Amino acid sequence: MTEDKLWELEAVCDVIRDGDQVAIPTGFNAEFSAVAMDVTRALIRRRAKGLRLLCVPTSGLQADMLIGAGCVSSIEMGAVLLYEYGAAPRFGQAQREGSIEILEATCPAIAAGLRAGEAGLPFMPVPGILGSDVYRVREPNWKQIRNPFNALEQSAVVPALRPDVAVFHSPLADRYGNVWIGRRGSLRLMAHASRRCVVTCDELYEGDLLDHSLYAPGSVSGEYITAVCHRPGGSWPLHAGAAAPEDRAHMHSYAELAATPEGFASYLRQHVLQAQ
């Protein structure tokens with residue numbers, strides 16, 4: 001047993017400081033979305049500023065809302081979209097206006113940068129991106145080096161990614177900071193590579209997940225978790241597993257309203273600023 005890491009939502013959000021690089025997960029996953037939407041709404045209510053989003057490796061509703069609310073200064077991602085509900089309208093407008101810095105990446109490049117951060121390495125090779133347009137636009141931040149084992153071969157390398165904080169939602173956690181993530185290895189990578197990590201969860205396990213023979217293999221140790229907040233339904237309107245499917249009507253409504261600045265402001269008033 002370690003220290004009690006069960007915190008209230010406001011305290012969890014205080015871990016995320018203005019200007020931080022914040023790692024957030026893709027919500028497009030069949031198991032559960034893992035997107036901490038309660039934290040997202042709380043950051044908007046707090047009027048967070050200058051967040052540098054790192055999508056692992058893509059994002060949708062979460063990034064779009066934070067960008068539309070003026071909380072974001074830059075975003076590194078493989079893609080931002082609402083999938084079957086269309087484009088991400090607030091991200092699209094920010095891209096057209098140039099109001100935020102956009103760092104295009106690939107899913108393997110983001111994963112490689114986080115693996116370097118996790119391992120304490122300065123950079124990591126990434127195959128298959130030399131000569132691509134995304135490599136061209138990311139120079140000189142991305143570089144190429146000669147393979148020390150084959151003088152005829154060049155390899156693209158990306159710098160280590162060490163986000164200030166990782167934020168995600170889990171179906172189950174305990175008060176000691178151990179968090180069950182199932183097969184979502186990207187969440188483990190985020191937690192390991194980041195300097196701090198905060199997690200909201202649907203259910204609170206009474207006991208130590210690492211002592212449970214079934215839960216332990218799919219759990220992130222509390223050693224890597226700064227704080228846990230018990231927030232049932234904290235990923236709504238995104239899905240939280242078979243028992244809590246995505247709120248499709250709400251997503252359609254968001255996509256329609258967020259298409260204009262006025263509609264997005266109305267959405268925030270109704271579903272974020274007046275909700276706790």
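Give the separation of the Cα centroids, the stretch 108-165 to the stretch 235-276, in Å.
Using only Cα atoms, the two centres lie 36 Å from each other.
Between exposed GluC sites (Glu not before Pro) in the chain, where DSSP calls loop and at most 10 other Cβ atoms lie within 10 Å, what's the longest gap?
Values: sites that count: Glu3, Glu153, Glu206.
Here the longest run is 4-152.
With charges only on Cβ, +1 for K and R and -1 for D and E, what is the dipole size of the chain about its Cα centre, in debye, rounded to 20? Kindly include the intermediate steps, with their values, before the conclusion.
Working: 25 positive and 31 negative charges, 143 e Å.
Taking the Cα centre of the chain as origin, the dipole is about 680 debye.
Any idea how far apart Phe149 and Thr260 come out in nm if each label point goes 7 Å out from Cα toward Cβ?
So the two model labels end up 5.9 nm from each other.
When the convex hull of the C-alpha atoms of the stretch 1-133 is computed, what volume per residue in Å³ does it have?
156 Å³
Given a 1.4 Å probe and every protein chain left where it sits, what share in percent of the accessible area of the chain is carbon and sulfur? Please report the intermediate quantities before stating the final value.
On the way: 6620 of 12600 Å².
Here carbon and sulfur together make up 53 percent of the probe-accessible area.
Which value, to two decimals, describes the C-alpha radius of gyration of the stretch 29-70 once divided by 2.2 N^0.38 Å?
Values: Rg = 10.7 Å, N = 42, 2.2 N^0.38 = 9.1 Å.
Expressed relative to 2.2 N^0.38 Å, the Cα Rg reads 1.18.
In whole Hz, with x marking every Gly and Pro, tabulate ³J(HN,Hα) for the stretch 260-269 from phi via Karplus 6.51 cos²θ - 1.76 cosθ + 1.60, θ = phi - 60°.
10, x, 5, x, 5, 4, 5, 4, 4, 4
For the stretch 144-276, state the average projected area of the convex hull of the C-alpha atoms over all orientations, rounded to one decimal in nm².
Over all viewing directions, the stretch 144-276 projects a mean Cα-hull area of 12.9 nm².
Counting every Cα pair in the stretch 20-98, what percent are over 16 Å apart?
On the way: 1389 of 3081 pairs.
Of the Cα pairs, 45 percent sit more than 16 Å apart.
Could you list log10 I(q)/I(0) for the chain at q = 0.15 Å⁻¹, which the Debye formula gives when each Cα is one point scatterer?
Once normalised to I(0) and log-transformed, intensities are -1.11.
Choose one of Leu114, Ser59, Pro125: the residue whose Cα lies farthest towards the positive end of the charge dipole of the chain (beta-carbon charges +1 Lys, Arg; -1 Asp, Glu; about the Cα centre).
My answer, from the dipole projection, is Pro125.
Just to make sure I understand: if all protein chains stay in place, what is the order of Thr26, Thr260 by accessible area at 1.4 Å, largest first? Don't skip to the answer; put the middle values down first.
On the way: Thr26 20, Thr260 60 Å².
Ranked list, largest accessible area first: Thr260, Thr26.
Report His252's accessible area, 1.4 Å probe, all protein chains in place, as a number in Å² to the nearest 10.
Surface accessible to solvent at His252 totals approximately 100 Å².
When only Cα pairs under 8 Å and 6 or more residues apart are kept, what is the percent relative contact order across the chain?
Values: 593 pairs, mean separation 60.3, N = 276.
Computed value for the chain: 22 percent relative contact order.
Of Ser99, Ser186, which has the most accessible area with a 1.4 Å probe, and how do the rest follow in descending order? Working shown, then result.
Values: Ser99 75, Ser186 40 Å².
Final ranking, largest accessible area leading: Ser99, Ser186.
If you take every residue apart from Leu82 with its C-beta less than 15 Å away from the C-beta of Leu82, what net charge results, scoring Lys and Arg +1 and Asp and Glu -1?
Values: positive: Arg90, Arg248; negative: Asp64, Glu84, Glu246, Asp247, Glu256.
Result for the local shell: -3.
Just to be sure I follow: if Rg is taken over the C-alpha atoms of the stretch 118-217 and Rh is the Kirkwood radius over the same atoms, what is Rg/Rh? Write down the numbers at each step before the final one.
On the way: Rg = 18.7 Å, Rh = 16.3 Å.
Using only Cα positions, Rg/Rh for the stretch 118-217 is 1.15.
Going by accessible area, probe 1.4 Å, with all protein chains left in place, what is the ranking of Arg46, Arg138, Arg269, largest first? Show your work: numbers first, answer last.
Values: Arg46 85, Arg138 20, Arg269 125 Å².
Per-residue accessible area, sorted high to low, gives Arg269, Arg46, Arg138.
The values are calculated or read from the model by the stated rules, or taken from the named source; none is laboratory data. What you see is a predicted model; the values in this text were computed from it and never measured. Cβ: placed from backbone, ideal geometry, glycine included. Neighbour counts: every protein chain shown. Surface accessibility is based on the protein's heavy atoms, side chains included, excluding ligands, DNA and RNA. Shrake-Rupley method; radii C 1.70, N 1.55, O 1.52, S 1.80 Å.
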